[in-house]
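What follows is a single structure, written as structure tokens, with notes after it.
The values are calculated or read from the model by the stated rules, or taken from the named source; none is laboratory data. What you see is a predicted model; the values in this text were computed from it and never measured. So basically every Cβ, Gly included, is an ideal-geometry build from the backbone, and we count neighbours across all protein chains shown.
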Amino acid sequence: MREVKTCDRCRHFKRRCDLVKPSCTRCVQAGVRCSFDVAGTTAPGSDGSTAPSSVLTNNTVGYARVPTSGSINSSASPSNPTMQTPGSMLVTRDTSASSPAGGPSPASSVSQNHGGVAVNGLISPTTTVESPEPNQVITTDSTPAQNSTEDTASNQEGQRIVRKRKRNCLSCLRCHRLKVKCDKELPCGRCKSSGNGRECYYSYNKGPNGGKFPCPTAPAGGPIDPDSKKPQLAPWQITHKVRGSSHWRELMARSPLAKILEGVATNACLANFSLPGNFPFGTPGATKYYARDTITRLISGEKDNVEEYLGRYVDMLDVVNPVLDLSTFQEEVHRYWQDPNAVGLCWLAQFLMVLGLGCFTSGTDPPIAIEFMMAAEACIMQTPFMFRPTISTIRAFTLMVVAKQICNATCWAMDSSYTLMGHLVRLAFILGLPQERNDNDEELRDPVEKEIRRKLWLTILYLDIKVSMCTGMPPLTRPEELGGLKNMPHWRAPDSLQMVLYQGLPVVLNILAQMNSKRDPISYPDVLRYNAQLRELMGHANRVCQAPLQRITIDIFFRRCLMVMHRPFALHADGPTMFPESYWSSLECSLALLFHYRELWDPETPQPLDLVGRPFVLDIFSATLTTCVHMLRQDAPLSEAAATGCLIPPRQLILETLVSCVDIWAGEQEKSVCWRTGYHILKALMVILDAPGAKAESPEAGQTQ
């Protein structure tokens, strides 16, 4: 512990001491005895041992020192009744006041007469009444009053009243706690530089005006509204006031939508993951398949169902996300049955993912499908995929992205898919998929191999854009990534989807690049130009795509892009009049997504087409909310014929469509917490819209669900 060098008084009042001995300058100016004057404190005083003697006389500048005990004050010696202090304060000693009865001292009289007077400056929280600042005047009568012993006791009680300072703390809480200078900004410079800008608050002491003191940086003056009787508070007092947990708990309890979040834990979504959240990296269930013989036995046990699994995958999943070259893949499967140990681990991982996805499309979520995917992870982790990927490695990871979207019906599945897509895109760059190789390249002399690489890269871009629009994140690729395809491909059926993607993805990437740009935001004329291009692509895709699932999914994709592009203008306060094209396009695309939603979740279909629609669940939820926003507008011109090129049904038909879609959500709410939360939100909106058949649920009913 370091040595204390300052005098007692300067240390008590937290003032800088100049260390001058025998008395520092501040003590000399205040006219009090300094603790450095050791010689004066040892003077004997036997005849006046029961009464204090330091009093103020003749209105002399200075303060009285009130001792805490009955010992003689060191400011005067017994042999010298009167002495002149360095601060020109006259200190007298009245020997008649010193008696065994303990008569009152003049200092006690001073405390009694001025006990209710507020003294400027910092007041010590002890029995002393002196000021930390020099040259402060307190006047009193020098004649001591003769009182009884009871009065003396009451005076001593009055001396021990603790006085607190009334100054307002203008520094922020952090600077005040650290005892450093604050620039009184919001946030202040110290909090901002230390990374605590969000925790910079100002809190003032309670005063006569209820503790509502103006902000130190707020402009001086009266209330903003001259007609208002009550002055307006500064904005920071409203937005930055420190609130406790009870305040926010009570505030959230007032919202009727808060009931949907009751009983939902932070990681409740993890309970509904068929696949682990970090798949395909570090899943504990994959460790048992690191032995090649275990994988061989797993596939051999399902040999009778392999053809069925392959057919289900091709008919439902590969048709909307083309990954495999089917003719080549069939030959590779035939070679595998001849010698299971002859194929590489990369191709085996791809084969296992195809089997797992085909098995999962049976509609019953069999556990064997997850086992196939765990085995695929074990295979891929034993390959040098980080620095030496192959075309089979890229396909395996692409299938893993598809699996995360259809196997986990939660919002977190899409977030984890975006992370995995970043890894997949970088592996594609390492392999050189975006670049066109020279015709003399030995690796790509085969034109069939060139076409396979082109189609796979288009599928990766397609998945990247779908995941980025769904999660609200920027895409991982740029419009220039398609510039490597120099020659226009001449693809026809069954490759019509790749041809549509080749023509449409550059337009979509340009739109997303401008939507995510803060420097050059998209303008309304550009929106109209892109709107015409996308609608032309939608018509072209509807004509050339033969598979119904291809037409549905590509239409959802383009309409979702239109919704993202039109949203800032469609939801404007004056959107119907200022931006009519955006207003009607947003509503029309939202309704089209709801129609596709009912088509994919139709229980009469022989195949579980809802698995195809699972990657678009958040898009459909966004379309439902957008439709509700349009319906809740008081000035919604839904009955007008102002829609240019958009067929808008009447209001009652829109409400019936919303109710039917909410009923579909009701059947899916038990699959995950995300579905259940979305259902309760939509159910509450139906009550607000007064939709047919919608009724408010009691809080108990919401909790039981």
Would you kindly identify the helices (runs of 4 or more DSSP H) lying entirely within the stretch 491-582 that contain at least 1 residues that are surrounded by fewer than 17 Cβ atoms within 10 Å (Cβ to Cβ), in the same structural domain as THR624 (by TED's automatic domain parsing) and in contact with a His (Cβ under 9 Å, 6 or more places away or on another chain)?
575-578
Just to be sure I understand the filter: pairs with C-beta atoms under 7 Å, separated by 6 or more residues or on different chains, first member in the stretch 569-581 and of a type in the set (Asp, Glu), second member assigned to a helix (DSSP H, G or I) and at pLDDT 85 or above. Which pairs pass?
GLU581/LEU528; GLU581/ASN531
Need the failing condition index for ALA342 against (1) at pLDDT below 95; (2) crowded, with 21+ Cβ neighbours inside 10 Å; (3) hydrophobic (A, V, I, L, M, F, W, C), just the number.
(2)
Qualifying residues in the stretch 20-40 (those that are over 12 Å from CYS10 (Cβ atoms) and not hydrophobic (A, V, I, L, M, F, W, C)) - the one surrounded by the most Cβ atoms within 10 Å (Cβ to Cβ)
GLY31
Filter the stretch 661-671 down to the residues that are modelled with pLDDT under 90 and either assigned by TED's automatic domain parsing to the domain that holds ALA413 or under 15 Å from GLY613 (Cβ atoms) (or both) and list them by number.
ILE664, TRP665, GLY667, GLU668, LYS671
If you go through the stretch 367-421 one residue at a time, how many are surrounded by fewer than 20 Cβ atoms within 10 Å (Cβ to Cβ), of a type in the set (S, T, N, Q) and in a loop (DSSP other than H, G, I, E, B)?
3
Taking interchain pairs and intrachain pairs at least six residues apart, which have beta carbon atoms under 7 angstrom, with the first residue in the stretch 461-478 and free of Cβ contacts under 8 Å to residues at least 60 places away in the same chain and the second part of a loop (DSSP other than H, G, I, E, B) and hydrophobic (A, V, I, L, M, F, W, C)?
ASP464/LEU476
Unmet requirement for MET374, which otherwise passes all of (1) free of Cβ contacts under 8 Å to residues at least 24 places away in the same chain; (2) under 30 Å from LEU458 (Cα atoms)
(1)
Tell me which residues, restricted to the stretch 678-705, are modelled with pLDDT under 85 and β-branched (Val, Ile, Thr).
THR704
The one condition ASP325 fails out of (1) more than 21 Å from GLY613 (Cα to Cα); (2) within 35 Å of the chain's Cα centre (by Cα) is (2)
Would the stretch 634-643 turn up any residue that is polar (S, T, N, Q), under 27 Å from PHE557 (Cβ atoms) and at pLDDT below 85?
no
Just to be sure, is ILE430 surrounded by fewer than 23 Cβ atoms within 10 Å (Cβ to Cβ), in a helix (DSSP H, G or I), touching a residue at least 12 places away in the same chain (Cβ under 8 Å) and of a type in the set (Val, Ile, Thr)?
yes
